[in-house]
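S.K.: Right, I'll just put the structure down here and ask away after.
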Amino acid sequence: MSIVVCAEQRDGSLRKITFEALSTGKRLAEASGETLKALLIGNGIAGLADELKKYGVDEVAVVDNAALGAYTADAYAAVLAAYVAQENPALVLFGHSSFGKELAPRAAAKVDCGLVSDCIDINFADGDYLFKHPVYAGKAIGNYKVAGPVRMATLRPNVFPIVESAGAGAVVNFATDIPAAKVTVTGTMMASGDRPELTEADIICSGGRGLGGPEGFKLIEALADALGAAVGSSRAAVDAGWREHAAQVGQTGKVVSPNLYVASGISGAIQHLAGMGSSKVIVGINKDGEANIFNVADYGVEGDLNKIIPALIEKLKELQ
Amino acid sequence: MEFVYSDEERMMLQMARGFAEKEVKPIAKEVDKEHKFPAANVKKMGELGLMGVSVPVEYEGSGMSNICYAIAIEEISRQCASTGVIMSVNNSLACDPIKIFGTEAQKKKYLADMASGRKLGCLGLTEPNAGSDAANLQTTAVLDGDEWVINGRKIFITNGNEADYCVLIASTDKTQGHRGISAFIVELDNPGFSVGTLEDKLGIRGSSTAELVFEDCRIPKENLLGEIGKGFKVALTTLDGGRIGIASQALGIARAAIEDATAYAKERVQFGKPIAQLQAIQWMLADLSTHYEAARLLTHRAAYLKDQGQPFGKEAAMAKLMAAETAMKAATQGIQILGGYGYTTDYPLERYFRDAKITEIYEGTSEVMRLVIATNVLK
Amino acid sequence: MKIVACIKQTFDTEAKIVVGGNGQISDEGVNLIVNPYDEFAVEEAIRTKEKNGGEVVVVTVGGDKAQEALRYCLAMGADRAVLIQDAAMVGADSRAVSIALAKLLSEKEAGYDIIFTGKEAVDDGAAQVPSRLAEKLDLAQANVVTALSLADGKATATCEIDGGSEILEMALPALISAQKGLNEVRYPSLPGIMKAKRKPLEVLSLSDLGLSADDVASKVVLAAAELPPARKAGQRLTGEVDEVVAKLVKLLKEEAKVI
Ligand SMILES: Cc1cc2nc3c(=O)[nH]c(=O)nc-3n(C[C@H](O)[C@H](O)[C@H](O)COP(=O)(O)OP(=O)(O)OC[C@H]3O[C@@H](n4cnc5c(N)ncnc54)[C@H](O)[C@@H]3O)c2cc1C
Ligand SMILES: Cc1cc2nc3c(=O)[nH]c(=O)nc-3n(C[C@H](O)[C@H](O)[C@H](O)COP(=O)(O)OP(=O)(O)OC[C@H]3O[C@@H](n4cnc5c(N)ncnc54)[C@H](O)[C@@H]3O)c2cc1C
């Protein structure tokens, strides 16, 4: 049997989460003795197969079809289900990205199998897979088992390490009927600028009510640019209209786990922590020495952000 | 006996708490600091049915119980006692007397306008020489043809600066003492009416406390509320009900102080551990919580009796007395638990402290509450 | 129009999580609310009815207490409610829930024009039921929707995707999963709360739906829950701004190695 990774590409380039999933798949395949396969779906994407080989895949199955140009969950799910029917894998992995969040449950319903979403760890021990998935916005972690034969899981981005390894790397075509999609994509608007996407970013600089107004975010943006970081926000700043909701980090916003999270003018409410508590390193900048953010920050800087951030930007520039 | 919420009480609690946290809390500090009447929230409260909670649906109220009313006032006052009193005065002091004593026509017009939140109400009772001794009022109403002509001044009137209607208590026959007192409904866009001094106050600074000036203020004959000479009864009955509202306001303030102090005590570390682990702090919180629960039971019992149509004057007085003193104590000790931080305006405890004090004064001082209770006990 | 909103009752987001001796999460003393994203779904359902006429049916799978959540939605303005309640559904996984909902919506409550759900529940954070349900009902789905318009039997939805958004068009009936931003959720008014008491709330068991316990046996089983390791407060940097900043940059570079 096999472990299958459903590769995610957008506009002809593979997303980082795919490498994270492949690396995890490889580790699990070695523990369970399965083979590692990747399924690559899209239009004009066959060339991407080579890149997948770097992560130890034994086989890449490619479904390259004009009808699959724009991603639609129902059509992609049909392809995936057909592949699963042929392959009968023990485990299928997706990223917990907007792609995987929608496609995985749709495919799981078609295949009629169990799925654990948003995993932060998966292990194989005593002949079974064990999935860790945070619940209640990270206030608890559930350890799940899934009755087979097929299991599915989506992986939280930025949590699983990327490890390159060798594999047979055969490339095969997979042909199947592609149903007409039920939805039509009539437009796509990507946020402008070269800042990384929030859930994929290695570094995030977030601002809250303490910024005092929308202009305050100029400071956060400048810091983000100095660090090559994405910009996030607390809900208070979103509710005040200083930032769009897509930037909100927290229980009712995005869940992120960057290597470095810099929270400026954010008090550290429990709902905010729910979205960034799993960051590897947290820096809190706050003028209130009692602010809750200091209870979780690895480095707490007590003081006025209007003085600290400009100085910090200067210092970072000196380094470059 | 049952001590559980009904479905509607639970839902009302959830709604009022959500509204108070999302809409009332964020502006509470500003409302206090800037003396700002929270007009937008008062309008929203009208739309949600909070301005006429126990007014029947046929008069555009919400048709809910007085227990629901008490719960709602507490939730709003938990975040902002100014908003709480604005709501309490409209419900208890303006809607209630018309609901109880008004004619059908008065209810269709004035009660419906105020219960729906289209118009705001106030009660004009207190005068410079008539505070606790309300019967000593000097304002007069004289019948002249089809109109009453009103002269005099009222002071300390909550909502006085924004209200559209006033339930006014005035003398129609000075020779009769409190038997010569009658109640009226006055529309305040009347040319014979003006707003005088606005008080600058220690607390509840978001609610206006105004002087109402009546100079040959002519109102239609049919705006008499209840019978001639029975106005003092209207006032006393109204205040009995109002005390359930003020008790609930005090409960809200007490809870705010207890909750904030509890949260702080768990976080503030001194001598290497959170101060919540010090017995001195624990005992304060234990006592305050006990007083709060007791006051709440008294308040809800008074509301229950009112819902049942039973006498509740003594119980309402007990509830207000206990809740007001609990609020004051909770705010005082709440500040104590926060130490120096509690004394600054960075934390809302000092606001709770200033707001709590009024609950021991208006709608009958704590001394007057004891008087009412004693009279009942001794009779 | 027949408009359906699927909701879930969840813990209050402030709730403290306690893991019981059995390794399961205890709900004792926890305040329960309508899942915040589902409130957007119910709000959109009611607005759709206000614009187009018809009725709003709220449905959920849950226990006794779930009736409170349904009543809350009725107080907001939904017309009637259906609760699927069965001992066999206690601890049900997303698959089981979507099977029960799909059965209800394809038979007893068939004939809907649009189904609204939240984009995920804040308790298990799985975000599976909406897409599973769409698949089972063979419907188009717009996921993580922040804007929606309906016209001529078609839905046009703006969906949040990683790093941007896209616009999808689909024929009705369709399933719409609501994200924050789709609308401003109303509070139930007090008259609304009073009316909710008299609105119909139907409780159905699995056998009422024609399902057996085997049909909904969970495939995903929570072996045990645990509390995450507490994050500890780290170092506090104090001093003059320049010093502090220099210290911070040094630590990030040399100790944490993140820049
Ligand atoms: C159901 C629900 C869901 C929620 N979901 C989320 C969510 O997803 N994400 C989220 O963030 N919140 C969420 N919240 C809201 C959360 O409870 C807080 O209200 C919010 O996070 C507060 O944002 P803040 O930290 O920016 O503002 P505040 O709590 O007001 O903090 C501002 C901070 O800035 C500091 N400050 C001010 N001026 C300066 C200065 N010059 N220099 C340095 N520091 C300064 C202050 O000391 C203060 O600590 C949710 C709440 C609920 C009820
Ligand atoms: C902010 C605010 C809002 C108000 N809103 C309204 C309103 O909307 N409408 C309205 O009509 N009035 C309103 N009032 C007036 C309020 O009800 C009175 O202030 C209150 O009844 C006390 O009257 P007083 O101030 O004249 O004090 P006094 O009656 O002069 O009392 C002074 C002191 O003597 C004590 N005392 C008096 N008589 C006795 C007694 N017999 N036995 C024992 N002790 C006694 C009192 O308890 C008090 O300690 C408001 C007052 C304030 C400050």
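Bear in mind these aren't lab numbers, they're just calculated from the coordinates by the rules spelled out. Nothing here was measured: the structure is a model prediction, and the numbers come from that model. Heads up, the Cβs are rebuilt from the backbone with ideal geometry, glycines too, and the neighbour counts pull from every protein chain shown.
S.K.: Any idea what log10 I(q)/I(0) is at q = 0.11, 0.20 Å⁻¹ for region C:44-143, Debye with uniform C-alpha scatterers and no solvent?
M.R.: Here log10 of I(q) over I(0) equals -0.33, -1.18.
S.K.: For region A:2-173, just the Cα atoms, rotate onto the principal axes and tell me the three extents in Å, largest first.
M.R.: Here the spans come out as 43, 33, 29 Å, largest first.
S.K.: Normalised by the empirical 2.2 N^0.38 Å for globular proteins, what value does the Cα Rg of chain A take? Don't skip to the end; give the middle numbers.
M.R.: On the way: Rg = 21.1 Å, N = 320, 2.2 N^0.38 = 19.7 Å.
Compared with the compact-globule rule of thumb, chain A sits at 1.07.
S.K.: Oh, and also: Name the most mobile residue of B:Glu350, B:Glu30, B:Glu325, meaning the one with the largest mean-square fluctuation, in a Gaussian network model of chain B with Cα contacts below 10 Å.
M.R.: Ranking B:Glu350, B:Glu30, B:Glu325 by mean-square fluctuation puts B:Glu30 first.
S.K.: Turning to a different aspect of this structure: What net charge do the residues around A:Cys113 carry, taking every other residue with its C-beta under 14 Å from that of A:Cys113, with Lys and Arg at +1 and Asp and Glu at -1?
M.R.: Numbers: positive: A:Arg106, A:Lys110, A:Lys145, A:Arg151, C:Arg95, C:Arg132, C:Lys136, C:Lys219; negative: A:Glu87, A:Asp112, C:Asp93, C:Glu135.
Combined, the nearby Lys, Arg, Asp and Glu give +4.
S.K.: I need the Debye-formula profile for region A:187-263: one equal scatterer per C-alpha, no solvent, reported as log10 I(q)/I(0) at q = 0.24 1/Å, two decimals.
M.R.: Debye intensities relative to I(0), on a log10 scale: -1.15.
S.K.: Ignore the peptide's own chain and count Cβ atoms of other chains within 10 Å of each Cβ in C:167-173; give me the average, rounded.
M.R.: Working: counts 6, 10, 5, 6, 3, 0, 0.
The mean count of partner-chain Cβ atoms within 10 Å per residue comes to 4.
S.K.: Right, here's the next one. Using Cα pairs under 8 angstrom and six or more residues apart, how large is the relative contact order of region B:232-378, in percent?
M.R.: On the way: 193 pairs, mean separation 47.9, N = 147.
Worked out over region B:232-378, it gives 33 percent.
S.K.: Moving on. Expressed as a fraction of 2.2 N^0.38 Å, the rule-of-thumb size for a compact globular protein of N residues, what is the C-alpha radius of gyration of region C:2-209?
M.R.: Numbers: Rg = 16.4 Å, N = 208, 2.2 N^0.38 = 16.7 Å.
Cα-based Rg divided by the globular estimate yields 0.98.
S.K.: One quarter of the convex hull surface, Cα atoms only: what value does that give for chain B in nm²?
M.R.: 19.0 nm²
S.K.: Computed over the Cα atoms, what is the radius of gyration of the protein assembly as shown divided by 2.2 N^0.38 Å, N being its residue count?
M.R.: Details: Rg = 31.8 Å, N = 958, 2.2 N^0.38 = 29.9 Å.
For the protein assembly as shown, the normalised Cα radius of gyration is 1.06.
S.K.: To continue, here is another question. Taking amide H atoms as placed 1.01 Å from N in the peptide plane, list the residues 5 or more away in sequence, or in a different chain, whose amide H sits under 5 Å from that of C:Val203.
M.R.: C:Leu83
S.K.: Starting from 0 in steps of 5 Å, tell me what percent of the Cα-Cα pairs of region B:147-291 lands in each bin.
M.R.: With a bin width of 5 Å, the distribution comes to 2, 8, 13, 14, 13, 10, 8, 7, 6, 6, 5, 4, 3, 1, 0.
S.K.: Modelled label-to-label distance, C:Glu169 and B:Ala40, 7 Å Cα→beta-carbon offset: nm?
M.R.: Taking the two extended label points, one gets 3.8 nm.
S.K.: If you build a Gaussian network model of chain A, linking Cα atoms that sit under 10 Å apart, which residue out of A:Lys254, A:Lys307, A:Lys101 swings the most?
M.R.: Between A:Lys254, A:Lys307, A:Lys101, it is A:Lys307 that shows the largest mean-square fluctuation.
S.K.: Still on this structure, I have one more. For chain A, set up a GNM with springs between Cα atoms under 10 Å and report which of A:Ala247, A:Ala137, A:Ala109 has the largest fluctuation.
M.R.: Comparing A:Ala247, A:Ala137, A:Ala109 in a Gaussian network model of chain A, the most mobile one is A:Ala109.
S.K.: Calculate log10 I(q)/I(0) of region C:209-259 for q = 0.12, 0.17, 0.19, 0.25 Å⁻¹, where I(q) comes from the Debye formula with a single equal point scatterer on each Cα and nothing for solvent.
M.R.: Rounded to two decimals, the profile gives -0.55, -0.74, -0.82, -1.00.
S.K.: Shifting gears a bit: Given contacts defined as C-alpha pairs under 8 Å and at least six residues apart, what's the relative contact order of chain C, whole-number percent?
M.R.: Details: 488 pairs, mean separation 60.3, N = 259.
Once normalised by length, the contact order is 23 percent.
S.K.: Once the cut-off is 29 Å, how many percent of the Cα-Cα pairs in region C:100-259 end up in the long-distance tail? Let's see the in-between values first.
M.R.: Numbers: 6258 of 12720 pairs.
Of all Cα-Cα distances in region C:100-259, 49 percent exceed 29 Å.
S.K.: For chain A, what does the relative contact order come out to in percent, with C-alpha contacts under 8 Å and a separation of six or more? Spell out each step's value before the answer.
M.R.: Working: 698 pairs, mean separation 45.1, N = 320.
Computed value for chain A: 14 percent relative contact order.
S.K.: After finding the eigenvalues of the alpha carbon gyration tensor for region B:122-231, what semi-axes result from the square roots of 5 times each, listed largest first in whole Å?
M.R.: Working: eigenvalues 103, 52, 23 Å².
After scaling each eigenvalue by five and taking roots: 23, 16, 11 Å.
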